[in-house]
Amino acid sequence: MPEIKFGTDGWRAVIADEFTFDNVSAVTRAIARYLAEQKKEVDGVVVGFDNRFLSEEFAALASAVLLEEKIKVYLCHRPTPTPAVAFAVKHYRAAGAIMFTASHNPSRYHGIKFIPHYAGPALPAETDRIGELVRIALQEREPEKEGAKERYLFILQKMLEDEIKTGSSPAPSGPALHAGEAGKSEELPEELLVIVHPREPYLEHLKQVIDLNAIKAAPPHVVIDPMFGAAIGYLDSFLLPLGCRVEIIRGCRDPLFGGGLPDPSRHNLEKLRTLVLELEAEAGLALDGDGDRLGVIAPDGKYLGANDILLLLLEHLVESRGWSGVVARTVATTHNLDRLARFYGLTTLETPVGFKYIGQAIREQDAFLGGEESGGISIRGHIPEKDGILAALLFIEMLAASRSDPAELFRKISTKINILNFNRWDIHTSSARKKEILEKLPAWHPQEIAGLKVKKISRVDGVKVLLEDESWCLIRSSGTEDLFRLYVEALDEGMLEEIRHGIRWELGL
């Protein structure tokens, strides 16, 4: 029996190895039972999916299981980015969503994620309970009820009919389905299955969030790279009517992602960088496989990650929009946010790693900007879920409103604060050595690192050491691999290596 660990990002596994139709059925049934426990099943569930292999088929199966449990299904008619699926939960006032995605993982992976009724990442109490129910469902392994196959085929047929009617790209990525194969299941109450088109309400909502007039007044030239993912057609359809000149690369569905990773990190965006430089574009915008994370190429070819984007957006939201209040960041995210927030008299909230805590800060503490080093960004007035599409549009709004490029904006910020340098390393080790270091960390209280006195130690998530000159380092262990992640930020770029070596010497890494 496979061990299915259900966390904030749900469960991910290799297709046809552990990610099978039987296991997807068990996980879906567990989510249905969780909703029944919460007395929310009457509100229905949105079912969405990305561009990966067999996505439509998995979504149809999950829908069939939910219908067996008499839960209304709002089934997305085509691949849809995670942020749009999260917004659909809010739009349809559903109990939650089941999203089939493995985000930026390799193409051989798939995943299933639960988004609760508040349209943000599930919190540990929710995913822990779903995990318990998954284990129960796996132990039961009772045969599917009679008529389940017919219901599954009928749902696939409905999806295919909708694709043909709307003229969208062909639906199922697996074996072809012919009209004669699937008659309507007699047990299926038709009103419980609704094929939905979440893109339109999601983009309409974004038109209320983004300053359209600012973009219309100075529409930039941009290159968009959806990386063969589910966000294809979102940014361009939003920006073109505003007068932006738009070029698109990797803008078609490819379940293999061109043989690469659908991850907008520096080393995956060389093609985008080349085109931005050739066309003299004002920005290159790359979205990951399910559209919830953003990477940017500046006009000078420099890569901008989440730490850079967050700092620029904070400056923009305060200076151009006049926003104020709380800025939320994870423990591993740049302290440049703290420095700029302090300059403007704002409050910074530090959370453990995971956008679930950022989403919680947006929902419960009215944080107006929240983000994490790994790529998640959202704002007040939007869904409390990381959204690369929103982040990209805010970035375009910033360029248009400021009439400046990122380099000029960074120079402006540097007149207000001393900007820290950031780096992150993955340090591989043996399982035995990892265990030794994990046992050592709770009692580790260094007095100095790289010649700098230790000012404070925080154990909110991992061990974070704050140094006398406002440099800091954080060490966290991976939950799935024999490695530690080391995050370092310092004023002097040369000190990044000094601190890294100091940590490795202290811990014997």
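The values are calculated or read from the model by the stated rules, or taken from the named source; none is laboratory data. None of these values were measured; they are calculated from a predicted model. A quick note on method: Cβ atoms are made from the backbone with ideal geometry, for glycine too, and the neighbour counts reach across all protein chains shown.
How many residues does the stretch 220-243 contain that are assigned to a loop (DSSP other than H, G, I, E, B), surrounded by fewer than 19 Cβ atoms within 10 Å (Cβ to Cβ) and not small (Gly, Ala, Ser)?
Summing the residues that are assigned to a loop (DSSP other than H, G, I, E, B), surrounded by fewer than 19 Cβ atoms within 10 Å (Cβ to Cβ) and not small (Gly, Ala, Ser) in the stretch 220-243 gives 0.
Determine which single condition residue 230 fails, assuming it passes every other condition in (1) touching a residue at least 60 places away in the same chain (Cβ under 8 Å); (2) more than 30 Å from residue 102 (Cα to Cα).
(2)
For the stretch 288-302, give me the residue count where each residue is crowded, with 20+ Cβ neighbours inside 10 Å, touching a Lys or Arg at 6+ places or on another chain (Cβ under 7 Å) and of a type outside the set (Val, Ile, Thr).
Start the filter on the stretch 288-302 by keeping residues that are crowded, with 20+ Cβ neighbours inside 10 Å, which leaves 288-298.
Now restrict to residues that are touching a Lys or Arg at 6+ places or on another chain (Cβ under 7 Å): 292-293, 297.
Next, only the ones that are of a type outside the set (Val, Ile, Thr) stay: 292-293.
Looking only at that region, the number is 2.
Can you confirm whether residue 461 is of a type in the set (Asp, Glu) and within 25 Å of the chain's Cα centre (by Cα)?
Spelling it out, residue 461 is indeed of a type in the set (Asp, Glu) and within 25 Å of the chain's Cα centre (by Cα).
How about the stretch 268-306: which of its residues are acidic (Asp, Glu) and within 18 Å of the chain's Cα centre (by Cα)?
288, 290, 292
Need the failing condition index for residue 30 against (1) under 17 Å from residue 19 (Cα atoms); (2) in contact with a Phe, Trp or Tyr (Cβ under 7 Å, 6 or more places away or on another chain), just the number.
It fails just one condition, (2).
When residue 90 is evaluated against the numbered criteria (1) among the basic types (Lys, Arg); (2) closer than 14 Å to residue 35 by Cα; (3) touching a His at 6+ places or on another chain (Cβ under 9 Å), which criterion, by number, is the only one it fails?
In the conditions (1) among the basic types (Lys, Arg); (2) closer than 14 Å to residue 35 by Cα; (3) touching a His at 6+ places or on another chain (Cβ under 9 Å), residue 90 misses (2) alone.
Among (1) more than 19 Å from residue 206 (Cβ to Cβ); (2) under 13 Å from the mean Cα position of the chain (by Cα), where does residue 109 come up short?
The one condition residue 109 does not meet is (2).
So that you can scan it fast, the table gives a plain yes or no per residue for (1) modelled with pLDDT of 95 or more; (2) hydrophobic (A, V, I, L, M, F, W, C); (3) under 24 Å from the mean Cα position of the chain (by Cα); (4) not in a helix (DSSP H, G or I):
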site	(1), (2), (3), (4)
22	no, no, no, no
52	yes, no, yes, yes
85	yes, yes, yes, no
89	yes, yes, yes, no
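Before we move on, is residue 15 in contact (Cβ under 8 Å) with a residue 12 or more places away in the chain and under 23 Å from the mean Cα position of the chain (by Cα)?
Numbers: in contact (Cβ under 8 Å) with a residue 12 or more places away in the chain: yes; under 23 Å from the mean Cα position of the chain (by Cα): yes.
Criteria met by residue 15.
Looking at (1) out of contact with any strand residue (DSSP E or B) (no Cβ under 6 Å at 6 or more places or on another chain); (2) hydrophobic (A, V, I, L, M, F, W, C); (3) without any contact (Cβ under 8 Å) to a residue 60 or more places away in the chain, can you tell me which one residue 256 breaks?
Of (1) out of contact with any strand residue (DSSP E or B) (no Cβ under 6 Å at 6 or more places or on another chain); (2) hydrophobic (A, V, I, L, M, F, W, C); (3) without any contact (Cβ under 8 Å) to a residue 60 or more places away in the chain, only one is false for residue 256: (3).
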